[in-house]
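S.K.: Before anything else, here's the structure in question.
The values are calculated or read from the model by the stated rules, or taken from the named source; none is laboratory data. No experiment lies behind these values; they were computed from the predicted model shown. Note that we place each Cβ from the backbone using ideal geometry, even for glycine, and neighbour counts take in every protein chain shown.
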Amino acid sequence: MARNPRRGREQPEERSDLVDRLVSINRVAKVVKGGRRFGFAALVVVGDQKGRVGYGVGKAREVPEAIRKGTEKAKRSIVRVPLREGRALHHDVQGRYGAGRVVLRTAPPGTGIIAGGPMRAVFESLGVQDVVAKSLGTQNPYNMVKATFQALTSMESPRNVAARRGRKVSEVWSQRDGGQAEG
């Protein structure tokens with residue numbers, strides 16, 4: 001019988017520095033012959049406050065078990081987001097998921113996190129300290145978090161843009177600041 005090489009391998013415990021935030025708990029009911037059977041769904045955001053963040057949804061009959069499952073799924077779905085000076089977004093970006101639309105705007109130092117509940121949890125877990133964000137179209141926390149992640153994963157750093165275009169970072173930055181670069 002062939003062994004899965006990933007299964008027995010221990011993963012290093014570098015994830016111990018992760019911060020988890022509970023965004024929402026939803027009680028759901030299943031109607032059965034004897035009445036209602038209740039379950040819980042938990043939306044959890046996990047991040048290291050240094051540019052890595054993930055989210056997960058856990059479902060179980062008890063709240064603590066749902067939170068634990070959501071945290072495990074969030075740890076498996078962590079993505080890296082490029083940050084400017086480790087505290088702000090590089091550029092303005094929009095995200096969309098279902099009816100949820102979010103607008104994320106970069107902000108000058110000292111602004112703080114100006115964002116609603118689910119988006120605030122994502123930014124605090126990510127480590128962003130200066131951002132202005134607005135949710136449009138929905139107040140559903142699931143869709144807000146998914147739209148925020150869609151926006152964050154579409155964000156690019158000037159270094160990546162320069163490498164893709166075959167230019168220097170200074171040329172990309174000069175175009176961003178309003179100056180004209182050759183080309």
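S.K.: State yes or no: is SER125 out of contact with any helix residue (DSSP H, G or I) (no Cβ under 8 Å at 6 or more places or on another chain), within 17 Å of VAL23 (Cα to Cα) and not assigned by TED's automatic domain parsing to the domain that holds VAL45?
M.R.: Criteria met by SER125.
S.K.: So which of THR138, THR111, THR148 ends up being touching a Pro at 6+ places or on another chain (Cβ under 8 Å) and either among the polar types (S, T, N, Q) or in a helix (DSSP H, G or I) (or both)?
M.R.: Going through THR138, THR111, THR148 in turn, just one is touching a Pro at 6+ places or on another chain (Cβ under 8 Å) and either among the polar types (S, T, N, Q) or in a helix (DSSP H, G or I) (or both): THR148.
S.K.: A follow-up question, please. Let me confirm something: among ALA41, ALA29, which residue is over 16 Å from the mean Cα position of the chain (by Cα), among the aliphatic types (A, V, I, L, M) and at pLDDT 95 or above?
M.R.: ALA41
S.K.: Return the only residue of VAL102, VAL53, VAL57 being outside any loop (DSSP other than H, G, I, E, B), closer than 17 Å to ARG21 by Cα and at pLDDT below 95.
M.R.: Only one candidate qualifies: VAL53.
Yes or no, residue by residue, for (1) touching a helix residue (DSSP H, G or I) at 6+ places or on another chain (Cβ under 6 Å); (2) surrounded by 16 or more Cβ atoms within 10 Å (Cβ to Cβ):
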position	(1), (2)
LYS30	no, no
ARG36	no, no
GLY58	yes, yes
LEU83	no, yes
VAL93	yes, yes
ALA99	no, no
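S.K.: Would you call GLU156 acidic (Asp, Glu), at pLDDT 80 or above and not in a helix (DSSP H, G or I)?
M.R.: In short, yes.
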